[in-house]
Every structure is written in structure tokens, then in C-alpha cells.
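Input: a single structure, listed below in C-alpha cells.
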Amino acid sequence: MNEYDIIIVGSGAAGLTAAIALADHCKVLVLAKGELTGGSTAWAQGGIAAVLDAGDTFENHIEDTMIAGAGLNRRETVEFVVENAPHAILRLVEMGVPFNKDSDALHLTREGGHSHRRIVHVDDATGWAVQAALLKTAEAHPNIILLPGQACIDLITGRHEQRYSGSGRVWGVYALDEKSGKVHAHVGRATILASGGAGRVYQFSTAPRGATGDGIAMAWRAGCRVSNMEMMQFHPTCLYNLDVKNFLITEAVRGEGGLLKHPVTGHRYMPDYDARAELAPRDVVARANDDQIKRSGLDFVHLDISHLDPDFVVGHFPNIYEKLLTLGIDMTKQPIPVVPAQHYTCGGILIDLDGRTDLPGLYAAGECTESGLHGANRLASNSLLECFVFGEAAAKHILKCWDQLEPPPAIRPWDASRVTDSDEEVVIKQNWTEIRRFMWNYVGIVRTTKRLERAQHRIQMMTHEVEDYYGHFRVTTDLIELRNLLQCAELIVRSALHRKESRGLHYTLDYPDLLPKAVDTVLVP
Ligand code: FAD
Ligand code: SIN
């Protein structure tokens, strides 16, 4: 048993923000699956939303967030996050994030759903700069221990105490050391889940390989409620390429003037769907792209910014420009083929404004949570912001309650006495592929009850097989992820079947209308 003060699962924007905010007061262990830069944070392109322009107001940002979220947002959360945004940006500047500037002020770009320019960015690779600055700060702090290569399996609760208490109190995690294959118990007075989203539950996703909803599934199994899991966000413009499957073309390309066009007729179709055209919120644009593709039997649509000055395009999107050139596409001269792909998990572990979950000793922050900020559809560039605000909020609450957080009791070691090495790895690969395919086909951008029921039926059959496998064989990262993917798929489908309306990202042909009252889909374990 390895004891620290605080255990944090995840080394992305949410986990490292919390670690840095705690470290002057206590010893923090940060665990990451694979590499420390393996989460979505490092992949973020567009930027971070904050009211920094003289002509903009908090009220504008709040309204834009509520409109994109189709009224399902919790207003007090939206206010809390929006009002804390300028402070979060200041902290990042102090940590050395080299945001682009326009003379002395930060340069603000624009994205869909925003009524003003309010996105601070580092070229078109904001996430990489943010991840690097947070890591550098964390590495320099003597109280932060960063431990990559640890795949957390489950939360440690009262059930795992040497003297069984049956309480829901969370003491840490059991984690597989990916190198040695051994499982260790890491314990502390409080645990923060900052484990990112579940995007990889879909066949096509912009999210990294490890976005398998581990934290959401672990919290659910331990007894936390999850909320709005049907609200899966699809980004309208993922590059269509047979070799490079998940390269995002940032929404800022549309923000700076990029147009969506039918690849055969050249018709600019977004004004036919929404008065805000290419700058409508993401759910609207993703559905329009999907509709064009299905209606005309296309493989992709075109995103065209070649009408703008080439120096402007290269200056604003240097990384995307370079990447596309390696694939034979010159975005200053020709349109980019794009398709919608899963991008962000709006639902997750239910938390309050202090980042507290339902279980004592367990906090959560970032994409694995449902804080009330995004509602039925996340506004672009509000996600990194949520990570900073809630990472810090959870840390503050832990420090405020420090005296009431008792040290962990003796915990039972992981029991691997009844499992053997697998002789049927094929089961894992088969199930991974199958889940991601039927989720894409049956639980995608446009849904029907019949398709959701088909998906539910498959999940029921697979759950039996996966649990049987899990009970007999030694854990591996692939097996841990498969079990969590399946759990998340089940939560998504159950939530989608529960919602008898079309709101935001949940669009079903069987209930195309909006109900008068916005109600969260809260699942209780
Ligand atoms: P992540 O950064 O995903 O980190 C998760 C961490 O948890 C990782 O360290 C991972 O190793 C760890 N982890 C997961 N499971 C386990 C486990 N079982 N055991 C141990 N560790 C585990 N948002 C914006 O606001 N602006 C943008 O411009 C933007 N662009 C994006 C572009 C792309 C391509 C993508 C995919 C997302 C983008 N987003 C953007 C969304 C945003 O990047 C994410 O929502 C955000 O970075 C999530 O941060 P996080 O800290 O919650 O999780
Ligand atoms: C993008 O750059 O389009 C992604 C922004 C986001 O996901 O918030």
C-alpha cells in the first residue's frame, strides 16, 4: 500500500491544475495511463474561452453557453465558470503559456456559438502549450509525484478496508503498473478523478486512444450518480483521410472565415440550415454535415478557406497547414475533405461547485464530470476552461476540509490468486471493435428508439462475456479499458432511451420535438 495525502487520476488540464493548487500544502500523487501527455489536453487546438475584450461581457458568455447547451445547463455553474475564466487565463500566463498576442493584448479568435471573439490560443496547438506549461510547473514542485504507466482499475472504498466497513468512503485506487503487470493500492485522504472522456466508445473520434471513460465507469461502479451521458458531442470537421483517422480541423478555421461546401456542386449549404451558418453551435453544424453526406451518398464534405490570403491562413493555422501538406492537401489552394466525428463527452460523474461527487473523499474535475456547465451541447473552448476552474475548486475544498479528512486505514491488497494469464486475447479485440462500430451506427448523430434498443441488446450480451473474462484472467490495460468502454456504452444508451425529446446533441427521429422543461438524465447506481 502506497500512502500519499492526495491521489489524482489523470495528468491532463484538470488533474495537473488540481495538483499544482494542492502541492504547497500536501503531498500529491498524480497517476496517468501510458504517457503523461496521453490525454486530450495535449491535442486541443482552438483555445480557451474567456471574456477579455472590452466589448464583451460575462453575461454574453453565459448566454452563449446556455444557448449552445439548449437550456439544460445549470446556470449557477455557468456563471461560476465564466466569471472565473479571466483568473484561469492569468494563472496560465504566469505559468508561461505563450498565448498569441495582438500588440500588447492577447489575440482573441472566434468559434461557433460565440457572439464575440473570446478564444485565447497558441496558434492552432493550444493544448500542447498548456500541457507543457502545467507539466513543467508540476515537475518542479517537490510535493508532486508524477507516475505514468499506471492504469487505474477501480476505486478503493470501505469494502476494501482490512476491517470491512461497507462505507462508501473513497481511499484511493487500485492501479495496474503497465510495465511490471503488478497491481498496487495507492491511498490518500482524498482522491480526485480527472481521467477525461469516453470518446473511444465510438468508431470515429477525435479523442486519443486512452479516452475510454475509465473514471466514469469506476465512479459508477463505486456508487456515484452519472448525468446526461446521452449528450455525446460530434465535431463537424474531422479530416477525412483513409490513413489518418482522427485529425481535427479546428473550429477556428470556420471562425476565421472557412466555408462548408458540397464537394460535387460546390454549394455553400450552411445558410440553408441555420441563420448563423458556419458559426452555428456544433450540434447544428455536425447534423448538417451528416445530412449532406447521407442525402447525397458522399464520403465527406468540403471545408474551404482557400479564398483567404495564404499568408493569413498559414499564419493562423501553421500546424494544420503543415500536417495537411504531408497528406498532399494545400489548404491555401484547395478545400479540405471533412466528416463529423465524436469529439467530447458532455455527460459524466455528477459534481457540485466544489468538485465533490456523491461519495465522501471523492472529487472529480474535467471531461469525466457533468458539472452543469455544458448542458445538452458544449460551447467550443469551454472545456479546457472547465478543467482549470474545477481543478482549482476541488483543491480549494480539500484544503478547506483538511482537518476532517482522516488518514486512510489499512487496505486489502489486490487479490490475483484466482486468475490466470489469458489464452484468448481475441475476445478483447473482437469486443472493442464491435462496441465502437455499433455505437457509431446505432447511437450516433441521429438516433431512433429501435436502433438504441438494438445497441442495448448487444451490450447485454457482451456484458456477460466481458465480466466472465474479467473474472478469470489477469488484468491488462486493454481489458480494463474494454470493461469501461462497455460500461460507458451501457450508460449512454440507457440515458438516450430515457430522453423522450430531441435536445442539443440528443436528436431522435422518434421524438423530434423539444419538451417544455429541460431535465437532466440522472442515473443512480
Ligand atoms: P485529459 O486531458 O483527457 O486527461 C485524462 C488523463 O487521465 C490522462 O492523463 C490519462 O492518462 C488519465 N487516465 C485516464 N484513464 C486512466 C486510468 N484508468 N488510469 C490512470 N490514468 C488514467 N477543448 C477546449 O476547451 N478547447 C479546444 O481547443 C479543444 N480542442 C480539442 C481538440 C481535440 C482533438 C480534442 C480531442 C479535444 C479538444 N478539446 C478542446 C477538449 C479538451 O481537450 C478536453 O476536454 C480536455 O483536455 C480534457 O482534459 P481532462 O484533464 O479532463 O482530461
Ligand atoms: C476546435 O478547435 O475546434 C476544438 C475546440 C473545442 O473542442 O472546444
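The values are calculated or read from the model by the stated rules, or taken from the named source; none is laboratory data. None of these values were measured; they are calculated from a predicted model. Note that each Cβ is placed from the backbone with ideal geometry, even for glycine, and that neighbours are counted across all protein chains shown. The area values use the complete protein model at the heavy-atom level, side chains included, leaving out ligands, DNA and RNA. Shrake-Rupley method; radii C 1.70, N 1.55, O 1.52, S 1.80 Å.
Cα axis of helix 426-442 to longest principal axis of the chain: angle in degrees, 0 to 90, nearest 10? The angle comes out near 40 degrees.
Taken along the Cα-to-beta-carbon direction at a fixed 7 Å, the label points for ASP299 and ASP478 span 2.9 nm.
Legend: Rg and Dmax of region 309-435, from Cα coordinates, 22.9, 66 Å. Between ASP291 and THR449, residue separation times 0.36 nm minus the direct Cα-Cα distance comes to 55.0 nm. In terms of its C-alpha gyration tensor, region 38-91 comes out oblate, because a/c is 1.5 or above while a/b does not outweigh b/c. Of the three principal axes defined by the Cα atoms of region 449-525, the extents in descending order read 50, 22, 19 Å. Measuring between alpha carbons in the structure, the pairs from LYS27/LYS400; LYS27/LYS396; LYS136/LYS323; LYS450/LYS500; LYS261/LYS294 lying more than 18 angstrom apart are LYS136/LYS323. Once the Cα atoms are used to define both axes, helix 75-94 deviates from the longest principal axis of the chain by about 90 degrees.
Answer rounded, prolate or oblate for region 248-398, using the Cα gyration tensor with square roots of eigenvalues a ≥ b ≥ c: rounded when a/c is under 1.5, else prolate when a/b is larger than b/c, else oblate. Since a/c reaches 1.5 and a/b is larger than b/c, the shape of region 248-398 is classed as prolate.
A probe of 1.4 angstrom, applied to the heavy atoms of all protein chains, finds ASP24 with accessible area near 120 square angstrom. Specify the angular offset, from 0 to 90 degrees and rounded to the nearest 10, of the alpha carbon long axis of helix 126-140 from the longest principal axis of the alpha carbons in the chain. Tilt relative to the chain: about 30 degrees.
Per residue, region 1-141 exposes an accessible area of 38 Å² to a 1.4 Å probe, with every protein chain left in place. Residue by residue, region 301-312 carries 3J(HN,Hα) couplings of 10, 9, 10, 10, 10, 6, 7, 8, 4, x, 5, 4 Hz when phi is fed to the Karplus relation 6.51 cos²θ - 1.76 cosθ + 1.60 (θ = phi - 60°); x denotes Gly or Pro. The residues LEU485, LEU325, sorted by heavy-atom accessible surface at 1.4 Å with ligands and nucleic acids left out, run LEU325, LEU485 from largest to smallest. Dipole check for the chain: with +1 at the C-beta of Lys and Arg, -1 at the C-beta of Asp and Glu, and the Cα centre as origin, the magnitude is about 1060 Debye.
Computed on the chain, with alpha-carbon pairs under 8 angstrom and 6+ residues apart, the relative contact order is 22 percent. For a label point 7 angstrom out from the Cα of LEU327 toward its Cβ, which stretches of region 221-256 have the backbone nitrogen within less than 17 Å? 235-254, by backbone N distance to the label point.
Taking packing as the residue-averaged number of other Cβ atoms within 10 angstrom, the listed peptides 504-514, 8-18, 145-155 run from highest to lowest as 8-18, 145-155, 504-514. With a Förster radius of 45 Å applied to the beta-carbon distance between GLN334 and GLU94, the computed FRET efficiency rounds to 0.60. Place a point 7 Å from Cα of SER167 in the direction of its Cβ. Which residues in region 399-428 have their backbone N less than 19 Å from it? Inside the label zone: 399-413.
Take the Cβ atoms of HIS464 and GLU76, set R0 to 35 Å, and the FRET efficiency comes out at 0.25.
CYS238 contributes about 0 Å² of solvent-accessible surface, heavy atoms of the protein only, 1.4 Å probe.
Given a 1.4 Å probe and the protein chains as shown, PHE312 ends up with an accessible area of around 70 Å². Across PHE390, PHE247, the residue with the most accessible area heads the list, and the full order at a 1.4 Å probe is PHE247, PHE390.
Ligands, DNA and RNA left out, the 1.4 Å accessible surface of the chain is 51% carbon and sulfur atoms.
Per residue, the accessible area of region 396-525 comes to 55 Å², computed with a 1.4 Å probe over protein heavy atoms only. Taking one quarter of the surface of the C-alpha convex hull of region 2-123 gives a mean projected area of 9.5 nm².
Summary of the geometry: region 395-448 and region 130-149, compared by the centres of their Cα atoms, lie 24 Å apart. Of the two radii for region 255-322, the radius of gyration is 1.00 times the Kirkwood radius, both from the alpha carbons; that is the Rg over Rh value. Considering all C-alpha pairs of region 98-243, those separated by over 27 Å amount to 45%. Modelled this way, with points 7 Å down the Cα-to-C-beta line, the labels at MET1 and THR420 are 3.2 nm from one another. Under the criterion of Cα pairs below 8 Å and six or more residues apart, the relative contact order for region 401-517 equals 31 percent.
Two numbers describe the Cα atoms of the chain: Rg and Dmax, which are 22.2, 71 Å. Compared with the direct C-alpha span, the chain from ASP513 to LYS136 gains 130.8 nm at full extension, assuming 0.36 nm per residue. In region 283-396, Cα pairs under 8 Å separated by at least six residues give a relative contact order of 21 percent. With all protein chains kept in place, the per residue accessible area of region 246-328 amounts to 43 square angstrom at a probe of 1.4 angstrom.
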